[in-house]
Amino acid sequence: MKRYKEYKPSVIKWIGEIPTGWIDLKIKYRSKILNGYAFKSEEYVEDGIPIIRIGDIRPAITLDSCKRVPLSYLEEYSEFIIQRGDVLLALTGATIGKSTVYDLDEPALLNQRVAVVRPQNGSNQIYLRYIIDSYFFRRHIDLECEGGAQENIGKEEIGRFSVSMPSVEEQTSIADYLDRKTAQVDNLIAKKQKLIDLLNEEKTAIINQAVTKGLDPNTPMKDSGIPWLGEIPTHWEIKKIKYIANLTLGKMLTGEDKGGNFLKPYLRAQNISWFKCDTSDVKEMWFSQSELIKYRVNLNDLLVSEGGDVGRTCIWMNELDECYIQNSVHKITFKKYFNPKYFLYLFYSFGQKGYFLSIVNQISIGHLTGEKLKEVFTIFPGFDEQTAIVDYLDRKTDQMDDVISKTHHEIELLQEYRTALISEAVTGKIDVRI
């Protein structure tokens, strides 16, 4: 990429040099920054004025899923009306800093914890959006949030962000260039994400076929007696999980030592991912001597999420030398002549079919209780065939997981390139004018 012909020192340390003709200023001098209003859920109506919440901030805003408030609010809360061309910015939570441009003509109101950054005094709204999408603005947010219990920022913190800006004509030229280039990158990312989705679908189909029909397409079949499962090989058995394994729900959280206890690491539902246990964030609590025996996880135990994404299952591979479970996790220890990995694949198939969700109470937060889990019917062949199915699925899924992992890495590189390109363009490090 070519550079500008002439540069001058910037007063903003993190920028370094800027093209001659650009000016340094705080973002508040080229925009109007507004906070949203705390509309209450009891004010929502079926038809009315949409309100834009953090969850509604997407690359292209649609109003179909927005909550709405009465039409009279448009006059009553007129200072919170969003205008076409406004940059919308999330102010809190995991998506803090997420932004988009409101490009609709339909009026909408700004909800609490969302800010409007409205271009003024010779600034282009798309260029302003790219400034907010830059690495440097993200770093500004990180610095402003350091030390806080929860990540959040306000209009004062946004307004303090220092930028260097060219003329509005040059802003438009840079914005047009970035529109073209980021669209190309986004298209590549979308294609790679589609590939990942297709591979995951194929992976699910292969697993489902193997653990419900076996590996021999010519084997005789029988009705399983389970409507959602259909036919299974004639020689396979159907038994409730409680007859082939021992099940244990973890210990209720204990925050203090009541005497003679031991402080040990434990797993929560958050640590349970499909197929793999995530031990990057493991908490500790107190266990008695008898609890150490009851709740300890051992090699090849299946660990099943009791809450959240109920039924999510992984296999314990001694990721830690010693570990236990809290009462949001079940452990399943199989009896002799049963291959735990086979039942991991079987549970994955059940989970993808929505079976676990179907057996929990969905009135409130779903819980896969020990009583319900014990009654789950499993289907299986003999031990040797279980092992053959596991070996086959390990080979097939490893191949697909390798491609999926490489594709995820390619997406990360494209996202890094996108961010770097934006940051270089809006700080004048490259000259993108035609």
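Tell me the residue from Lys372, Lys406, Lys396 that is farther than 30 Å from Gln171 by Cα, touching a residue at least 60 places away in the same chain (Cβ under 8 Å) and surrounded by fewer than 17 Cβ atoms within 10 Å (Cβ to Cβ), please.
Exactly one residue qualifies, and that residue is Lys396.
Hey, could you check the range 1-37 for residues that are hydrophobic (A, V, I, L, M, F, W, C) and open to solvent by less than 40 Å² (accessible area, probe 1.4 Å) and say which is farthest from Lys429 (Cα to Cα)?
Leu34
Those residues that are open to solvent by 50 Å² or more (accessible area, probe 1.4 Å), aliphatic (A, V, I, L, M) and touching a residue at least 12 places away in the same chain (Cβ under 8 Å), I need them from the range 139-181; list them, please.
Val168
Condition first: polar (S, T, N, Q) and free of Cβ contacts under 8 Å to residues at least 40 places away in the same chain. Now tell me which residues in the range 34-54 satisfy that.
Residue satisfying the conditions is Ser41 alone.
Do the conditions hold for Phe377, that is, is it surrounded by fewer than 18 Cβ atoms within 10 Å (Cβ to Cβ), in contact (Cβ under 8 Å) with a residue 40 or more places away in the chain and in contact with a Phe, Trp or Tyr (Cβ under 6 Å, 6 or more places away or on another chain)?
no
Name the residue, out of Gln120, Gln184, Gln112, that is among the polar types (S, T, N, Q), free of Cβ contacts under 8 Å to residues at least 24 places away in the same chain, open to solvent by 10 Å² or more (accessible area, probe 1.4 Å) and out of contact with any Pro (no Cβ under 8 Å at 6 or more places or on another chain).
When all the criteria are applied, what remains is Gln184.
Can you list residue pairs whose Cβ atoms sit under 6 Å apart, with the first residue in the range 272-284 being farther than 19 Å from Gln352 by Cβ and open to solvent by 50 Å² or more (accessible area, probe 1.4 Å) and the second being modelled with pLDDT of 95 or more and of a type outside the set (A, V, I, L, M)? Count only pairs 6 or more apart in sequence or on different chains.
Final answer for the pair search is Asp278/Asn271; Glu284/Pro265.
Give me a count of the residues in the range 1-35 that are part of a loop (DSSP other than H, G, I, E, B) and within 23 Å of Ala420 (Cβ to Cβ).
Result for the range 1-35: 12.
The values are calculated or read from the model by the stated rules, or taken from the named source; none is laboratory data. Because the structure is a prediction, the values reported are computed rather than measured. So basically every Cβ, Gly included, is an ideal-geometry build from the backbone, and we count neighbours across all protein chains shown. SASA here: full protein model, heavy atoms, side chains in, ligands and nucleic acids out. Shrake-Rupley method; radii C 1.70, N 1.55, O 1.52, S 1.80 Å.
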